[in-house]
Structure formats: structure tokens, C-alpha cells
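Just so it is clear, none of the values below were taken in a lab; they were calculated from the coordinates. This is a predicted model, so every value here is computed, not measured. Because the Cβ atoms are built from the backbone with ideal geometry, glycine has one as well, and the counts that use them run over all protein chains shown.
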Amino acid sequence: MRDKVEEVITVIRPAIQADNGDVILHDVDEESGVVTVELVGACVTCPASTVTLKAGLERILMDRVPGVTEVINSGETAQEIGETAVSL
């Protein structure tokens, strides 16, 4: 499954890089179908990054890779944890 996810990301990557962003694949949990990526570059501050993640990457991966159930951005998760720690 990971090889297929990497293959699809390789096809998608030029479109993301055209907007000065990129995507890094961190993990593919074959049991749950969750793919963990990190959006970097211009994607970090882009207000449309959630759309890129869910309507772009997630939709395409779910269509092309059997078993993918969700795509999450590890960068957002780390940022949310940092924000929560700061607010405590």
C-alpha cells in the first residue's frame, strides 16, 4: 500500500510544487488506512491547505489506492498541540 501511495503522491506533487508548496509522506497505516503527510513550504501558511489536503490529496488517494480511508497533515497536528500547550 505504501508504494502505491508514494506513486500517487509523485504524480500529484508537481501541482503542489507549482504553488511553492510540497508534500512529505510520513506514514501509511495499512490497518486503519490512514495516511500521514506533512504539507510544507507555502502550504504551511496557505488558508487553502485544508482544501488541498482533503479535496485534493485525500480524494485522489482514496480513489487510486484501495484501503486509504483518510489523509491527515502531521504539521497541523503538531501545530495544534503547540497551540494547546501555549494556551495551558
Selection over segment 50-71 where residues are crowded, with 18+ Cβ neighbours inside 10 Å and under 14 Å from residue 34 (Cα atoms) yields a count of 7
Close pairs (6 angstrom Cβ cut-off, 6 or more residues apart or separate chains): touching a residue at least 12 places away in the same chain (Cβ under 8 Å) in segment 25-37, in a loop (DSSP other than H, G, I, E, B) anywhere: 28/1; 30/1; 33/67; 33/68; 33/69; 35/68
